[in-house]
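Computed from the coordinates by the stated procedures, all read-outs in this text should not be read as laboratory data. If you're wondering where the values come from, they're calculated on a predicted model, not measured in any experiment. Backbone-built Cβ (ideal geometry, glycine too); neighbour counts: all protein chains shown.
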Amino acid sequence: MMPSIKARIDSYFGVRASGSSLRTEALAGTTTFLTMAYIIFVQPTVLSGRMFGQDTGMDFGAVTVATCLAAMLATLLMGFYARYPVALAPGMGANFFFVLTVIPAAAATAPGQGWQIGLGVIFISGLLFLLITLTGLREAVMNAISPDLKNGIAVGIGLFIAFVGLQNTRLIVSSPGTSVSLNTNFASPDIIVFFVGLIVTSALHVRRVPGSILLGIIFSTLLSVLARYVIPHLPEAISTSPVVLQSMLMTDFRPVTKLVSHPPSLAPTFMAMDLTGAFALSMIPYIVIFLFIDLFDTMGTLVAISHRAGLVDSQGSLPRANQAFLADAAGTVVGAGLGTSTVTSFIESAAGVEQGGRTGLTAIVTGLFFLLALFFTPAVNMVGSYTPITAPALVIVGAMMLQNIAHIDLANYAESIPAFIIMLGIPLSYSIADGIALGLISYPAIKLLSGRGREVSWIMYVLGVLMLFYFPLLRAGL
């Protein structure tokens, strides 16, 4: 008797073997999508230059479509081929670098071709990712990193995404004297929505309610819609106060008025990259920078999520890591061809893992949502454009990832100090790649000078030296 489709899916992805179910994987994929849906709207705002009050020449609608398609294709590849519950999309940080640094540098050598050359730079860096992955170098780097450092990466990323969540709701704000400080104006509707959503979502999570994070996002959405309609009818002293009028709830959030819309045309950015200009001598450093950023962003994200999902084997290695790296590299190549910046694994995937996602089915569900988002952009915009809705999910996921600190040998300072540098470096530098790089420099140096240099793989020494050159020669321009 031929096995049913459900049985085949279970056999290929190992759903039951991982302790999950089809329903759980669907919930997890939906949760991951909702927590990272903001990129659909942020990415075109950044690449078109609207966020900075300047016109880069990139078409807003085309970048929107390119973002959705690149995220969908890369995430589906991750799900089907690598079978990891990890979603991919154009990465934050790299997109700012692309607009603020690479495009102006390219335009200085070839006026009017800045963004086209920039896409060429992304495309070439993606091909290098593929080459490094196919030669096994990326997997060798992954396996050379000690378990304590890997757990430090997971904790650092957890602190980072929780920090992002607190910033997204404007609870943590910039301060001239201390860089950041607490926003003590708790009368802000944004902070109220965040705290109520956080408490409700946390309570559901503590009670182990299935779909707790997703239910929390839905609750926060409904609360935001209610607040948006109620506030104008409150006494004038409240409804017209500056803290209310200037809140994201009143300026950015708009309840959906229609569900379906036609996707814009991809033609303005499709295969518009300028490869000849990208090979100019002045562009080579930017190719290398994108290579390093994506390498360590992806590595850090996979390490963190794999530990939370229980996918790490007894030797501390990641099964099918090479396939995961290939999916990530292919996403960057395809994304550049479509018309968007570097595609990378998203740490927001941890929200789906905390929801119970354990297999590639989680990624597949997320990928299909990116396709649907092309036709349901009004509804996605309602959730994704108002960050206090999804901020509680990021904070809770960060708290869950903090558990990895229990697996670090804190008494072994040769391991724990570099791990601590990574944990602190990732959120404070606001970069997964930079935080990991700091740890890669300190780890072999501390081991060597403490007389324990033989415990370190030669790959770690090479990486440490490369990072010493990476910061002053390349990263300084980022």
*Volume per residue of the C-alpha convex hull in segment 7-68, rounded to whole Å³*: 101 Å³
*Output the DSSP H helices from the chain with an along-axis C-alpha extent of no less than 27 Å and a mean Kyte-Doolittle hydropathy no less than 0.0.*
114-134, 147-168, 284-309
*asked:* Whole angstrom only: what separates the Cα centroid of segment 214-267 from the Cα centroid of segment 324-394?
replied: 23 Å
_Value of Rg/Rh across segment 261-331 [Cα atoms, Kirkwood radius]_ = 1.14
*What does the highest-first list of 435-441, 172-178 look like by mean Cβ count within 10 Å?*
435-441, 172-178
*If we count trypsin sites (Lys or Arg not before Pro) as exposed when they sit in a DSSP loop and have at most 11 other beta carbons within 10 Å, what is the longest stretch of the chain that avoids them all?*
259-478
*Provide, in order from the shortest bin, the percent of all Cα-Cα pairs of segment 162-226 in each 10 Å bin, continuing until the bin that contains the maximum pair distance.*
21, 44, 26, 8, 1
*Cα-centre dipole for the chain with unit charges at Cβ (Lys and Arg positive, Asp and Glu negative), debye to 20*: 780 debye
_Report D for the chain in µm² per second (integer): Stokes-Einstein, Kirkwood Rh on Cα pairs, 37 °C, 0.692 mPa s._
143 µm²/s
*asked:* Relative contact order of the chain, please, whole-number percent, based on alpha carbon pairs below 8 angstrom and at least 6 residues apart.
replied: 34 percent
_Under the rule of at least 5 residues apart or a separate chain, name every residue whose amide H is placed under 5 Å from the amide H of Ile172._
Gln167, Asn183
*Name the long-range amide H neighbours of Thr344: under 5 Å, sequence gap of 5 or more, or other chain; modelled H, no Pro or chain starts.*
Ala89, Gly91
*asked:* Under the rule of at least 5 residues apart or a separate chain, name every residue whose amide H is placed under 5 Å from the amide H of Thr390.
replied: none
*Expressed in nm², what is the orientationally averaged projection area of the convex hull enclosing the Cα positions of segment 180-286?*
13.5 nm²
*Arrange the peptides 181-189, 68-76, 56-64 so that the one whose residues have, on average, the most other Cβ atoms within 10 Å appears first.*
68-76, 56-64, 181-189
*Among Val244, Val121, what is the fewest-to-most ranking by other Cβ atoms within 10 Å?*
Val244, Val121
